[in-house]
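Take a look at the structure set out below.
Every number in this text was worked out from the coordinates using simple rules, so none of it is lab data. All values derive from a computational prediction rather than experimental measurement. Because the Cβ atoms are built from the backbone with ideal geometry, glycine has one as well, and the counts that use them run over all protein chains shown.
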Protein chains: 2
Amino acid sequence: MNVEDLVLVSVDDHLIEPRDAFTPHMPAAFKDRAPRMERRGQKDVWLIEGRAFGTVGLNAVAGRPREEYGMEPTSHDHMRRGCYDIHARVDDMNANGVLGSICFPTLPGFAGARFATLPDKEYALALIRAYNDWHIHEWCGAHPGRFIPLPILPLWSPEACAQEVRRLALLGAHAVTFPDNPTKMGLPSIHSPDWDPLWRACADNKVVICCHIGTGATAEHASSESPIEAWIITMPMSIANSAADWLYAPMWKKFPSLRMALSEGGIGWIPYFLERADFAHSHHGAWTNFDFGKDKPSDVFKRHIITCFIDDNFGAKNLADVGEDMVTWECDFPHSDSTWPDSPEYLWRSLRDLSRSQIDKITHLNAMREFSYDPFSLLGRENCTVGALREKAIHITTTPTQGLGGAKPLAGTARPITSGDINRMFAAAE
Amino acid sequence: MNVEDLVLVSVDDHLIEPRDAFTPHMPAAFKDRAPRMERRGQKDVWLIEGRAFGTVGLNAVAGRPREEYGMEPTSHDHMRRGCYDIHARVDDMNANGVLGSICFPTLPGFAGARFATLPDKEYALALIRAYNDWHIHEWCGAHPGRFIPLPILPLWSPEACAQEVRRLALLGAHAVTFPDNPTKMGLPSIHSPDWDPLWRACADNKVVICCHIGTGATAEHASSESPIEAWIITMPMSIANSAADWLYAPMWKKFPSLRMALSEGGIGWIPYFLERADFAHSHHGAWTNFDFGKDKPSDVFKRHIITCFIDDNFGAKNLADVGEDMVTWECDFPHSDSTWPDSPEYLWRSLRDLSRSQIDKITHLNAMREFSYDPFSLLGRENCTVGALREKAIHITTTPTQGLGGAKPLAGTARPITSGDINRMFAAAE
């Protein structure tokens, strides 16, 4: 086996909503209130109910030289076409040898919170459904077999969430995005029975709850003077608190087939985390009253929680301790941590010492099983490998384009760029 | 080699201040303002400038049955004597085969912040010095060769900190406690040159900056309904953000011999963290302007940052990736995560597959070198082993004592104890 033989399914990428995503899918009553894009000087903003949102292209820097990764694209003009154009996206996937992809939303926030917190709930529901219909029919639907749909939810109502999950399951959606810690947006905790209708709908329809980093618990900036690389390091592991919280949540006993995914969480810290969890339970279980039955906490994790990684040699080296049946891979296209367009080569460095069976599980079989995703029957396995896909993309240029433009974190100095610089850049872009 | 042959130096334990700690060491002008203990119903409180502090024995639960670990001792009567009595403490160390110990303070907070934030700075300095003098002369001094002193600092003034470090270095102090993120208490960040006088004093006098978990960045409770075990799991790793911040701080270039310690941070997540740091730097270095020179971030970590663990098989198994020269061990006596009185047996399970040289480094040689601690010349190495120390403690009873009392997290129910329960218990105890 070599790098061309890999079959790659990425469980965490990002889409940038194109200009015409919403209007065609809004119901007649709300058609004139669809989000629309407006030019403001050098940038585009989305307008929703009169309010402007500037994050039209959050960190969508794929295709730039690394010197320009810190700049924030504030218009589609500042981005590689594959960020927002589905056909160009598939070309970019092919060029990187990537077969399948789960795409998180941008304008709604990774977990859809921006739409879910709009005050007019009838309008919010229409908007959420419009996004989902666009996402399923136009984004994922344009290239059958290449995407695992990831709808957003009307988070204010678990019953409405359940209804939307059931509606979309009929359209083939087996994943949904959900905040890693809903209490951070004033919703009931994952320990509340309020969410049972949603968990039930997910379990009944084999829908995975995908919790992306930054959707509840956030990677905190240590200080405004801290070099930004320090913060970048900590982003994936910032989901550890939520991972512990889900481990102790009550839905696993009630809905034994339910699954959740720690999207962009990394894997190398998981063996430590699981040993620590088992220590905590064996050391403190006598006073905490938490009953795992015959299980250890690590058993619950390995049964229900899907992990993923971008580039993680240490995690791959310790695959047995991570749990080889629930590890998946992600590309994170078009964000700055992505290994695009060299993902197969990065990945191969982590995987080449594993068995063929382990490599296949991590690169695609685990994701295909857990997300009920079957591209082979549609496309033929022989057409799904890195080698076959790259063959289809020999006309695609992946060399970096300079000067794509956008907001700059800091002008005219060579001192380290800090958390404060980045936060100021984003505040100005909003 | 077997378990009796281990030599154990613990770099993270906790002392509970005895009733008479402060008054004898306060200068004449402040003698009548020394903190004093007052009985209030079933509990004792410390009175400082008329204000009562109820955490007289934070989590000092050693010697209880595990069923009572969740109860908060609110009086010396609720604790095993070794928590606050130095002679009983050494007996308890002997019974556990522990030779040396670094003891963090309780009333001042782990990093001395409670004293440092008192408004009258002249009084605060007197109090800080009184604590330090008591700590060095009466606590550590009572049993020469058994303790590594850990003074607290007048954190509001880096110059005063430097002066205190120099004063105490003459008395043999080679460690100091410092918040892992001083911005959380309104002080300059570790990136500010304001701290240079302190770093210089530490470097000149071989003084290690010890940052205990919870002294700046804190392990957040996911929600008030979250089972408390979930929070316990995440405590050590909660220092990861600060670890990244220190990695990018400017003192290492200015003071190349300087060291800091991630106290109670664990080790099993470190290899992932270091790989992630090197990835972040190689992937983003082109735009972040941070110059590591010829080093990778992981090189800086392994040279300057001391790690420690209580019980961490996975970390020990991956010692080469953690960096075997800067790993140390901790007992965490008398807190609830401690493995007392079976620490040698716990530790042996993690270490038995390592080489003699690796075991000696982790259990004592790294700590002795980094903290300038030389018990062997004073006590004779043959008297410092687990076997020799336990021999001296055959009269010490370590079987748990029931009903020691204290505040209860929750009365009369068998539901899992939550973060909310624990926070309410502590709020009531204050």
Scan of segment A:311-338 for residues that are touching a strand residue (DSSP E or B) at 6+ places or on another chain (Cβ under 7 Å) and part of a loop (DSSP other than H, G, I, E, B), ordered by number: A:Met326, A:Glu330, A:Cys331, A:Asp332, A:Phe333, A:Pro334, A:His335
Check on A:Gly70, within 14 Å of chain B (Cβ to nearest Cβ) and touching a Pro at 6+ places or on another chain (Cβ under 6 Å): yes
Which numbered condition B:Thr307 misses (of (1) within 23 Å of A:Ile267 (Cα to Cα); (2) out of contact with any strand residue (DSSP E or B) (no Cβ under 6 Å at 6 or more places or on another chain); (3) hydroxyl-bearing (Ser, Thr, Tyr); (4) more than 10 Å from chain A (Cβ to nearest Cβ)): (2)
Whichever residue in segment A:199-229 is acidic (Asp, Glu) and assigned to a loop (DSSP other than H, G, I, E, B) and, among such residues, is farthest from the other protein chains (Cβ to nearest Cβ): A:Glu220
Single condition B:Leu127 does not satisfy, out of (1) surrounded by fewer than 24 Cβ atoms within 10 Å (Cβ to Cβ); (2) in a helix (DSSP H, G or I): (1)
Options A:Leu58, A:Leu47; residue that is closer than 23 Å to A:Gly265 by Cα, away from every other protein chain (no Cβ under 14 Å) and surrounded by fewer than 24 Cβ atoms within 10 Å (Cβ to Cβ): A:Leu58
Failed condition for B:Ala286, given (1) surrounded by 21 or more Cβ atoms within 10 Å (Cβ to Cβ); (2) within 28 Å of A:Glu67 (Cβ to Cβ); (3) at the interface with another protein chain (Cβ under 7 Å from one of its Cβ atoms); (4) among the aliphatic types (A, V, I, L, M): (1)
The listed residue being of a type outside the set (Gly, Ala, Ser), buried (at least 20 other Cβ atoms within 10 Å of the Cβ) and within 24 Å of the chain's Cα centre (by Cα), out of B:Asp325, B:Asp332: B:Asp332
Among residues of segment B:230-250, those that are at the interface with chain A (Cβ under 7 Å from one of its Cβ atoms) and over 21 Å from the mean Cα position of the chain (by Cα), counted: 2
Single residue of A:Ile232, A:Ile267 found to be in contact with a Cys (Cβ under 9 Å, 6 or more places away or on another chain) and touching a residue at least 12 places away in the same chain (Cβ under 8 Å): A:Ile267
Checking B:Tyr248 against (1) surrounded by fewer than 24 Cβ atoms within 10 Å (Cβ to Cβ); (2) among the hydroxyl-bearing types (Ser, Thr, Tyr); (3) within 30 Å of A:Tyr346 (Cα to Cα), the condition it does not meet: (1)
Extreme residue, farthest from the other protein chains (Cβ to nearest Cβ), among residues of segment A:289-299 that are part of a helix (DSSP H, G or I) and touching a helix residue (DSSP H, G or I) at 6+ places or on another chain (Cβ under 6 Å): A:Ser298
A:Ile362 away from chain B (no Cβ under 14 Å), in contact with a strand residue (DSSP E or B) (Cβ under 7 Å, 6 or more places away or on another chain) and without any contact (Cβ under 8 Å) to a residue 60 or more places away in the chain: yes
Extreme residue, surrounded by the most Cβ atoms within 10 Å (Cβ to Cβ), among residues of segment A:7-39 that are under 22 Å from the mean Cα position of the chain (by Cα) and in a loop (DSSP other than H, G, I, E, B): A:Leu15
Flag if A:Phe115 is part of a helix (DSSP H, G or I) and crowded, with 24+ Cβ neighbours inside 10 Å: yes
A:Ile152 vs. criteria in contact with a Pro (Cβ under 7 Å, 6 or more places away or on another chain) and part of a helix (DSSP H, G or I): no
Qualifying residue in segment A:253-264 (condition: surrounded by 22 or more Cβ atoms within 10 Å (Cβ to Cβ) and either within 7 Å of chain B (Cβ to nearest Cβ) or part of a helix (DSSP H, G or I) (or both)): no
